[in-house]
1. Kindly list, by first and then second residue, each pair from a residue in segment 78-91 that is on the phi > 0 side of the Ramachandran plot to a residue that is surrounded by 13 or more Cβ atoms within 10 Å (Cβ to Cβ), limited to pairs with Cβ atoms under 6 Å and residues at least 6 apart or on different chains.
2. Within segment 25-62, how many residues are over 39 Å from the mean Cα position of the chain (by Cα) and either part of a loop (DSSP other than H, G, I, E, B) or of a type in the set (D, E, K, R) (or both)?
3. Within segment 70-111, count every residue that is farther than 23 Å from F128 by Cβ, at pLDDT below 95 and touching a Ser or Thr at 6+ places or on another chain (Cβ under 7 Å).
4. State the number of residues belonging to segment 70-111 that are open to solvent by 50 Å² or more (accessible area, probe 1.4 Å) and aliphatic (A, V, I, L, M).
5. All but one of (1) assigned to a helix (DSSP H, G or I); (2) in contact with a helix residue (DSSP H, G or I) (Cβ under 9 Å, 6 or more places away or on another chain); (3) farther than 20 Å from T40 by Cα; (4) basic (K, R) hold for K125; state the number of the condition that does not hold.
Amino acid sequence: MSNRKHRDNQEICSRKVRELAQSGVNKHCFECNQPGVTYTDITVGSFVCTSCSGMLRGLNPPHRVKSISMTTFSQQEVEFLQNHGNEVGRRTWLCVFDPKADGCPDLKDPQKFKEFLQDKYEKKKWHFSKSKNRRDVEGPWSPGVQAVPSSHGPLSSQGPSHNLPPNARSTRPLSQSQLPSWDRAPTISPADMRTDAFTRPGSLSSALGGQSHGPSFPALPRPSGGLWSPSTLEKHRSM
C-alpha cells in the first residue's frame with residue numbers, strides 16, 4: 001500500500017515538472033534560448049536543452065541536471081523549480097548582462113560557450129550582487145535613520161521646542177507675553193498701586209515687592225467720586 005502511494009506521489013511530481021517545462025519562458029533553454037527543453041538544472045532551478053545539460057555537468061562545481069521524462073522528482077525539487085524557473089534565473093545570473101557590451105555567446109564554438117558558462121556561474125560576472133543599484137551598505141537615508149539635511153544647519157532654537165530633544169531646548173526664560181495665562185503675574189497699574197496703598201493694609205509693601213514690618217492701620221473708606229472735602233475729612237478724623 002505504501003509503495004503504491006509512493007509511486008503515485010512520484011507521478012504527481014513528474015507531472016508538475018512537465019507542466020512547468022511547458023509554461024512561459026521555461027519552454028526555451030535557459031542557456032542557449034533554443035525551443036524545447038528536456039532537462040532541469042536542479043542547482044539553479046532552470047530548464048535547459050540536452051546539449052546544454054552536458055555543458056553544465058562540466059562546470060566546476062558541476063551542476064546537477066535531471067531528465068524531465070526519464071527521472072523522478074521529490075516534492076522539495078518540485079517546489080524549488082516552482083519558486084525559480086528561467087525568469088528568476090535570468091534576473092539572478094544575468095542581472096547586469098549587456099548583449100552589446102558583453103556580446104552574445106557563440107553557440108557554434110563549444111570552448112567559447114563553455115567560457116560563457118564559466119563567467120556566468122563560476123565567476124558570477126553578471127550576478128545580481130554585481131548590480132550598482134543594489135544597496136549593500138545602508139546609507140544615512142535608510143529606513144529607521146532620519147538625518148538632517150546639511151542645508152538646514154544645526155538645530156535652530158527658533159522652531160517649536162516640542163520638536164526638539166530635551167537637551168536641545170532653549171533655557172532662556174520666557175517673557176510675560178510668552179507665558180501661559182495661568183503663569184503670568186497680575187498686572188498692576190500705577191493708579192491701582194496709589195489707591196490700594198491706602199485702602200488695603202500692607203498692600204503698598206506687597207506691591208513694591210517688600211514685606212510689611214510696621215503696624216497695620218484700618219483701611220480708609222474709598223471715595224465714590226472726586227476728592228474729599230475738608231469737612232468730610234475732619235468728620236472722619238473725629239470718629
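1. Within 6 Å, the pairs are G85/N26.
2. Matching residues across segment 25-62 total 15.
3. 1
4. Selection size over segment 70-111: 4.
5. (1) is the only condition that K125 fails.
The values are calculated or read from the model by the stated rules, or taken from the named source; none is laboratory data. Small disclaimer: the values here were computed from a predicted structure and weren't measured. Counting neighbours? That spans all protein chains shown, and the Cβs are built from the backbone with ideal geometry, glycine included. Keep in mind that these areas ignore ligands, DNA and RNA; they rest on the heavy atoms of the full protein, side chains included. Shrake-Rupley method; radii C 1.70, N 1.55, O 1.52, S 1.80 Å.
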